[in-house]
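Notes follow the structure.
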Amino acid sequence: MKGESCNINDKGKSCCSTTTEINNEVNLKEHWDKAYLNSPEDKLGWYETDHSPMLRLILKTGLNKSARILNVGSGSTTLVDELLNKGYSNIIATDISEVALKKLEDRTGSNKVEFIIDDLTKPTKLKKIEPVDLWIDRAVLHFFTEETDQKIYFDLLKSKTQSKGYVILAEYNLSGAELCAGLPVHRYSKEMLTEKLGADFELIDSFEYIYIMPSGAERPYIYALFRKK
């Protein structure tokens, strides 16, 4: 995939352009809306039915079922269904794609979930929410390749995770793919994530995980759980 990005070729459909073109000019909202419009959800490269790695870390927090949980870049993830089934009742799902969130809202039909359309690198609505007990990010941060976008992301995370709250980050690890969904990614180690979060957060647990895409391809991740001091 290096040098050529085939949007959703990992994800079921092909919409090819060069990495350079994508870096120079991309409307991320349109990009992700098209991804959710053009492919069945279960064919998307990030679709998963096994949420055990994330649930393992959520369980480790010991948070009660009424804890405020923010799932950033949620898309139409079935993790929200899992959390609802387990009795969690205060969930916020946010994504840049209105299409993805509409699919999630239509599927769950739950009044226990708040849906927020916003851009994590240009947040407006998210700046106004009350701090949360748990910030969940599976495969969002690694799309922010510019330091300015990373800083905005982490500034938001730090301000919206309350004292003694938790953060779970699941991103491509250093041996992971260089492109995802036709976009370049910034890969991470637990040390890099720890440095980004800074001294106010402590690492509680981390592990490497191989995610198997619907296509059968392997994608190595780093999962890390942090606690705000």
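Report the residue count in the range 44-86 for those that are assigned to a helix (DSSP H, G or I) and farther than 21 Å from residue 29 by Cβ.
16
Determine, yes or no, whether residue 223 is aromatic (Phe, Trp, Tyr) and under 16 Å from residue 58 (Cα atoms). Spelling it out, residue 223 is indeed aromatic (Phe, Trp, Tyr) and under 16 Å from residue 58 (Cα atoms). Taking every residue in the range 50-66 that is at pLDDT 95 or above and pairing it with any residue that is among the polar types (S, T, N, Q) and surrounded by 11 or more Cβ atoms within 10 Å (Cβ to Cβ), at least 6 positions away or on another chain, the pairs with Cβ-Cβ distances below 7 Å are 65/89; 66/89; 66/90. If only residues of the range 140-164 that are hydroxyl-bearing (Ser, Thr, Tyr) and outside any helix (DSSP H, G or I) are counted, the one that is surrounded by the fewest Cβ atoms within 10 Å (Cβ to Cβ) is 163. Can you name the residue in the range 30-68 that is surrounded by fewer than 17 Cβ atoms within 10 Å (Cβ to Cβ) and of a type in the set (Ser, Thr, Tyr) and, of all such residues, is nearest to residue 168 (Cα to Cα)? By that ranking, first place goes to 52. Only one of (1) closer than 16 Å to residue 46 by Cα; (2) under 13 Å from the mean Cα position of the chain (by Cα) fails for residue 173. Which number is that? (2) is the only condition that residue 173 fails.
Here the range 87-111 is the region considered, the condition is being under 20 Å from residue 166 (Cα atoms) and part of a loop (DSSP other than H, G, I, E, B), and the residue that is farthest from the chain's Cα centre (by Cα) is 87. Residues in the range 177-187 that are over 14 Å from the mean Cα position of the chain (by Cα) and surrounded by 20 or more Cβ atoms within 10 Å (Cβ to Cβ): 2 in all.
Within the range 202-229, the residues that satisfy the criterion of being without any contact (Cβ under 8 Å) to a residue 24 or more places away in the chain, surrounded by fewer than 17 Cβ atoms within 10 Å (Cβ to Cβ) and part of a strand (DSSP E or B) are 203, 210, 212, 218.
The values are calculated or read from the model by the stated rules, or taken from the named source; none is laboratory data. Given the structure is predicted, the values throughout are model-derived calculations rather than measurements. Neighbour counts are summed over all protein chains in view; Cβ atoms, including those assigned to glycine, are modelled from backbone coordinates with ideal geometry.
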